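Right, one structure below, let's go through it.
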Amino acid sequence: GAVVSQHPSRVICKSGTSVKIECRSLDFQATTMFWYRQFPKQSLMLMATSNEGSKATYEQGVEKDKFLINHASLTLSTLTVTSAHPEDSSFYICSASQGWGYTFGSGTRLTVV
Amino acid sequence: EDKVVQSPLSLVVHEGDTVTLNCSYEVTNFRSLLWYKQEKKAPTFLFMLTSSGIEKKSGRLSSILDKKELSSILNITATQTGDSAIYLCAVGPSPLNFGNEKLTFGTGTRLTIIP
C-alpha cells in the first residue's frame, strides 16, 4: 500500500533555532501534500497545502514566514519551523493522497526548550 | 467553513462491549466523510462514505452515513484492548478530487478499552 515516510519522528530543539521536517511518498507521486498540526488531546488542524513546484497555500492564522513549506519534487515535501519557540511544540503530520484516500506520515513530535 | 463535531469526546468501556461513536457535520456541499483510527502516531484509514456508499463494514467495525441527519456513526462490536485509540472523523472532497482538496477533521473521540 501507499506509504508516506516522515522524519524525524521526534526532535528537541532550543528556542530560536530552526527545525526541518521531511515527508516522502515512497511508492507514489504526491502532487499535493497537506501539513497538519495536532495539540495534545485535540484534533488535526490543517496548516497548509503544498503543491509540487508552486507556493504553499496557508490556512488562516498560520504564519507562512514561520512555517516554511517546500515541495520541490513529487515525492518530497518539507516543513521548516523557523525561530522555534516553546509554543511551537506540537505534533506535526503530513498527508498525501493517492486517489482513494489520504495516507499520513508517522508524525513528528517537536519539543522546543 | 466546514465544521465537524464528534461525540463523545472520550469513552471508557470494558472489553467485549459494543460502542457507537458519533460524527455530525455542517458543510456547504457534502462530498465524502472519512473515518480514521489514530493510536500513537499517524491516523490510519478505516472507511470512506459518500452519497453512493452510505454503509461500510470491515470485521467488527462498521459505519453508516445519514445524509438527512448530517451525521455518521462508527460502530465497534466485541471491543478489544487493541481498539483503544482516538477515532477521527473528517469531511472531504469527492473521491475524484482527492489530492487536490483538504480534509476537515472533527474533534476526535478517545476510546479506552479496559481489559
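Points to keep in mind about this one:
- The interface between chain B and chain A buries about 1700 Å² of solvent-accessible area in total (1.4 Å probe, ligands and nucleic acids excluded).
- Each other residue within a Cβ distance under 11 Å of B:Ile54 adds +1 if Lys or Arg and -1 if Asp or Glu, for a net charge of +1.
- Violating pairs (Cα-Cα greater than 30 angstrom) within the set A:Lys41/B:Lys56; A:Lys55/B:Lys56; A:Lys41/B:Lys57: A:Lys55/B:Lys56
- A:Glu52 paired with B:Lys68, simple spin-label distance in nm, labels 7 Å along Cα-to-beta-carbon: 4.5
- Accessible surface comparison of B:Ile64, B:Ile86, B:Ile76, A:Ile12, probe 1.4 Å, protein chains only, largest first: the order is A:Ile12, B:Ile64, B:Ile86, B:Ile76.
- Model label points for B:Glu1 and B:Lys56, set 7 angstrom from Cα along the Cα-to-Cβ axis, are 2.7 nm apart.
- Working note: Karplus 6.51/-1.76/1.60 with θ = phi - 60° gives region A:105-113 the couplings x, 7, x, 10, 8, 9, 10, 10, 10 Hz, where Gly and Pro are set to x.
- Applying 1/(1 + (r/R0)^6) with R0 = 41 Å to the Cβ-Cβ distance of A:Glu87 and A:Leu26 gives a FRET efficiency near 0.80.
- A crude spin-label estimate for the pair A:Lys14 and B:Asn29, with each label 7 Å from Cα along the Cβ direction, gives 5.2 nm.
- Cα pair distances of the protein assembly as shown binned at 10 Å [whole percent]: 8, 32, 35, 20, 5, 0
- Computed FRET value (nearest 0.05) for A:Asn70 with B:Thr44, which takes r as the C-beta separation and R₀ as 30 Å: 0.65
- Hits among lysines - C-alpha to C-alpha of B:Lys3 under 16 Å, sequence gap 8 or more where chains match: B:Lys67, B:Lys102
- Applying the Karplus relation 6.51 cos²θ - 1.76 cosθ + 1.60 with θ = phi - 60° to region B:15-30 yields 3J(HN,Hα) values of 3, x, 6, 9, 10, 10, 9, 10, 9, 10, 9, 10, 9, 5, 8, 5 Hz, where x marks Gly and Pro.
- Carbon-plus-sulfur accessible fraction, region A:5-113 (probe radius 1.4 Å, protein heavy atoms only): 52%.
The values are calculated or read from the model by the stated rules, or taken from the named source; none is laboratory data. Source: prediction; values computed, not measured. Using ideal geometry, Cβ is built from the backbone for each residue, glycine included, and neighbour counts are taken over all protein chains shown. Only protein heavy atoms, including side chains, enter the accessible area calculation; ligands, DNA and RNA are left aside. Shrake-Rupley method; radii C 1.70, N 1.55, O 1.52, S 1.80 Å.
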